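Below: one structure, written as structure tokens.
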Amino acid sequence: MYLAVDLGSTSFKADIFTPSLKRIGGASELIHYSRKRCFVELEVSRGIKAFSNIITKAVKNAKITGMDITAVGICSQAQTFCIEKDNKFLTPFISWMDTRAVDTAAVLMKERVLSDFAEHASTYDIYPNLQLCQLRAMQDTIPPNARIISLPSMLFRELTGKNVLDENLAAMTGMYSLKTNYWRNETLEITGLNTGQLPELCKLGSAPYVTSNAAKYGIPDGIPVYCCGNDQTAGAYGAGIHSNGSVLLTFGTALVAYVCRKSLPEAEPDLYRGVYPDGLFYSMKVLDQGGALISKIIQEMPVFKDYDTFFKTADQYLYSHNASNSNFDIDINELKKYSTEKCAFYVLNHLANKAYEMVSGLIGDKKLYLRCAGGGSQNKTWLNLLQKKIKCNMSVTRADPVSGIACLINSAINN
């Protein structure tokens, strides 16, 4: 049995799969970060407790014992980390949503030594939430020999005793070089760290260590623990986009367009890039709006009540007005002047226009097969607008990260 763990931004999830990739049980736990001014944090003890909770519940719900687990895989959000020294946590987990390093990022953008930052990193620009910026901002408070532990590295260490991070997630920190496949000397110099303070690096999809002293999680020692990258990559692998050349468009909290490449793409503004399993690479564009925009509108316009009401309202406008997609866009700050039906429809139209821009930015005018995933992709109005805007072969697929983890484990074991 495979244990697949996804450490997301709002919840941690664990699912159990058979070697034939049948999901037989799972569990999740909402994660509540404390938010004070620019600080977004999670106590390390609460994070570790959540690890234990989801694993224990997943095993129970699958009606197996922990001793039936034969392999573990972990994927995660990027950036979130804590600092430890001598088995004492000096900081809580600092989330990727934390904005304490805004000023630091602006300073680093002007650093001559980082003038070629985009050539090495997953991102073109130096964003405040990168570990690079956070660690530079905290440089004077990090004692010698303290260790930097990323969120997925913490679970890996809990299971194996080793602080390890795969190349896919490392490249997203701003500290790693995609050209040398190692921690970048210039970023070590800027943060005052050495490689011994950072996680040991491993290949994406590999299992560099096996469990050791894992009885506290109810699973056996001696089983492999696979490092499965960021959640978007795991989800894309589960959807199999590498096998059919499709573009994956995920409508979740964010709107994400993701495609595989045979070689590392050139860096460009608003593009994420990095390593994909099986010797491939990826390009990704992300729009923070997506479901987050709809959530904001529901808060400001209580008439919508929830997501179901919002989408049903958009459906009503589509069918009653025979509406279709157009290049017309809206000022999302002036939505209250529209009727509720028109507001909901125009928001989806706005997002469809943005999706078109993202997909075009990845592949240009090439013919494509679009695979749509995420909660928003269950809505017919959204799919209708996409179809008319992008004009391509399209289908709805499931691209959840835990399924991708199970596929990665299975591929590694059988190849």
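Cα axis of helix 290-300 to longest principal axis of the chain: angle in degrees, 0 to 90, nearest 10? It is inclined by approximately 70 degrees. Relative contact order of region 228-316, taken over Cα pairs closer than 8 Å and 6 or more residues apart, is 22 percent.
Legend: distances between Cα atoms for 305/388; 60/380; 296/388; 22/49; 60/88; 342/366; pairs beyond 30 Å are 60/380; 60/88; 342/366. How far is the Cα center of region 236-288 from the Cα center of region 72-146, in Å? The distance from the Cα centre of region 236-288 to that of region 72-146 comes to 23 Å. With θ taken as phi - 60° and the Karplus curve 6.51 cos²θ - 1.76 cosθ + 1.60 applied, the whole-hertz 3J(HN,Hα) list for region 344-351 is 4, 5, 5, 5, 5, 5, 4, 5 Hz, x standing for glycine and proline.
Summing Lys and Arg as +1 and Asp and Glu as -1 over all other residues whose Cβ lies under 13 Å from the Cβ of residue 95 gives a net charge of +1. Taking the C-alpha atoms only, the angle from helix 44-61 to the longest principal axis of the chain is near 70 degrees. Here the dipole of the chain is about 860 debye; that uses its Cα centre as origin and unit charges on the Cβ of Lys and Arg (positive) and Asp and Glu (negative).
3J(HN,Hα) along region 27-36: 7, 9, 9, 5, 10, 10, 7, 7, 10, 9 Hz, from the Karplus curve 6.51 cos²θ - 1.76 cosθ + 1.60 with θ = phi - 60°, whole Hz, x for Gly and Pro.
Look at the alpha carbon pairs under 8 Å that are at least 6 residues apart: their mean separation over the length of region 257-415 gives a relative contact order of 18 percent. Normalised by residue count, region 1-65 yields a Cα convex hull volume of 69 Å³ per residue.
The figure for residue 253 is an accessible area of roughly 100 square angstrom, using a 1.4 Å probe on the protein chains alone. Dimensions of the chain from C-alpha coordinates, computed as largest minus smallest value along each principal axis and given longest first, are 65, 55, 42 Å. Taking Cβ separations below 4.7 Å as the criterion for a possible disulfide partner, the isolated cysteines in the chain are 38, 82, 133, 202, 227, 260, 343, 372, 392, 407.
Structural descriptor for the chain: relative contact order 16 percent, calculated from alpha carbon pairs under 8 angstrom and at least 6 residues apart. Sum up the charges of everything whose Cβ sits under 10 Å from the Cβ of residue 62, counting Lys and Arg as +1 and Asp and Glu as -1, but leave residue 62 out. Result for the neighbourhood of residue 62: +2. When the residues 147, 371 are ordered by accessible surface, computed with a 1.4 Å probe over the protein chains alone, the sequence from largest down reads 147, 371. The residues packed around residue 238, meaning those with a beta-carbon under 10 Å from its beta-carbon, carry a net charge of 0 if Lys and Arg are +1 and Asp and Glu are -1. For the chain, the longest principal axis of the alpha carbon atoms and the long axis of helix 151-160 meet at an angle near 40°. Can you send over the carbon and sulfur percentage of the accessible area for region 39-96, probe radius 1.4 Å, protein chains only? In region 39-96, the share of accessible area belonging to carbon and sulfur is 53 percent.
Solvent-accessible area per residue in the chain equals 44 Å², computed with a 1.4 angstrom probe and all protein chains kept. Peptide packing: for 276-289, 223-236, 62-75, 163-176, the average count of neighbouring Cβ atoms within 10 Å per residue gives the ranking 223-236, 163-176, 62-75, 276-289, highest mean first.
The values are calculated or read from the model by the stated rules, or taken from the named source; none is laboratory data. Every value quoted in this text rests on a predicted model; they were computed, and no experiment measured them. Virtual Cβ from ideal backbone geometry, glycine too; neighbours counted across all protein chains shown. What goes into the accessible areas is simple: the full protein's heavy atoms, side chains included, and nothing from ligands, DNA or RNA. Shrake-Rupley method; radii C 1.70, N 1.55, O 1.52, S 1.80 Å.
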